[in-house]
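In what follows, a single structure is set out as structure tokens and then discussed.
The values are calculated or read from the model by the stated rules, or taken from the named source; none is laboratory data. Treat the numbers as computed from the prediction; the structure is a model and nothing was measured. In this analysis, Cβ positions are derived from the backbone assuming ideal geometry, glycine residues included, and neighbour counts consider all displayed protein chains. Note: accessible area is taken over every heavy atom of the protein model, side chains too, but ligands, DNA and RNA are not part of it. Shrake-Rupley method; radii C 1.70, N 1.55, O 1.52, S 1.80 Å.
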Amino acid sequence: TDALLEACEAEDLPLLPGAATATEALRLLERGYDVMKFFPAEASGGAPALKAIGAPLPQISFCPTGGVSPGNAMDYLSLPNVLCVGGSWVAPKDAADAGDWDRIETLARTAAALGKG
């Protein structure tokens, strides 16, 4: 929201604002943001939607989250307007609750290797 953006800007807080539509992305671009979170990625049309948004707005880069998984991460990472992806699959709640840090480390290493190769 504008109020949240204003509060973060007033305190000079780091912020990755979210956009799910071209209109939202344009509003953020007008405020000076050119890196945004694309959320909820899969529910908003996935990689094809992000590709379509990127065509007229190539100056904006995104970090898609929301439905991103190891199975579809490369669909996003292959787009020129995607810097990175995020997802709770890297540190699932059950693993965190159980203190299964080895599993989380393995998932994080797998995530970090995406796009290499």
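Treat every Asp and Glu Cβ in the chain as -1 and every Lys and Arg Cβ as +1, leave all other atoms uncharged, and give the resulting dipole magnitude about the Cα centre to the nearest 20 debye. Working shown, then result.
Numbers: 8 positive and 15 negative charges, 103 e Å.
Its charge dipole is roughly 500 debye.
Highest mobility in the GNM of the chain, judged by mean-square fluctuation with C-alpha springs under 10 Å and restricted to Asp100, Asp12, Asp75, is found for Asp12. Solvent-accessible surface of the chain, taken per residue with a 1.4 Å probe and all protein chains present: 60 Å². Computed with every protein chain present, the accessible area of Ser44 is close to 40 Å² [probe 1.4 Å]. Only DSSP H runs of four or more residues enter the estimate; each adds -39500 (n - 2.57), and after division by the residues of the chain the mean residue ellipticity at 222 nm equals -12000 deg cm²/dmol.
Highest GNM mean-square fluctuation among Glu24, Glu105, Glu42, for the chain modelled with Cα contacts below 10 Å: Glu105.
Accessible area per residue (1.4 Å probe, heavy atoms of protein chains only) ranks Thr23, Thr1, Thr65 as Thr1, Thr23, Thr65, with the largest value leading.
Residues Tyr76, Tyr33 ordered from highest to lowest accessible area at a 1.4 Å probe: Tyr33, Tyr76.
Each residue was assigned an accessible area with a 1.4 Å probe, and for Ile104 the value is about 30 Å².
Considering only protein heavy atoms, with the full assembly of protein chains and a 1.4 angstrom probe, order Val90, Val68 by accessible area, largest first. Kindly include the intermediate steps, with their values, before the conclusion.
Values: Val90 35, Val68 10 Å².
Per-residue accessible area, sorted high to low, gives Val90, Val68.
Comparing Ala47, Ala19, Ala95 in a Gaussian network model of the chain, where Cα atoms under 10 Å apart are tied by springs, the biggest mean-square fluctuation is seen for Ala95. Our coupling estimate for the stretch 103-110, obtained by passing each phi through the Karplus curve with A = 6.51, B = -1.76, C = 1.60 and θ = phi - 60°, is 5, 5, 4, 4, 5, 5, 5, 4 Hz, Gly and Pro reported as x.
Classify the stretch 50-117 from the C-alpha gyration tensor, please: rounded if a/c falls under 1.5, else prolate or oblate depending on whether a/b exceeds b/c. All intermediate terms of the calculation are to be shown ahead of the outcome.
Details: a/c = 3.39, a/b = 2.31, b/c = 1.47.
Because a/c hits 1.5 or more and a/b exceeds b/c, the stretch 50-117 counts as prolate.
When P(r) over Cα pairs in 10 Å bins from 0, in percent is computed from the coordinates, the matching label among [x] 10, 19, 13, 10, 9, 9, 8, 8, 7, 5, 3, 0; [y] 13, 39, 31, 16, 1; [z] 10, 28, 34, 23, 5, 0 is [y].
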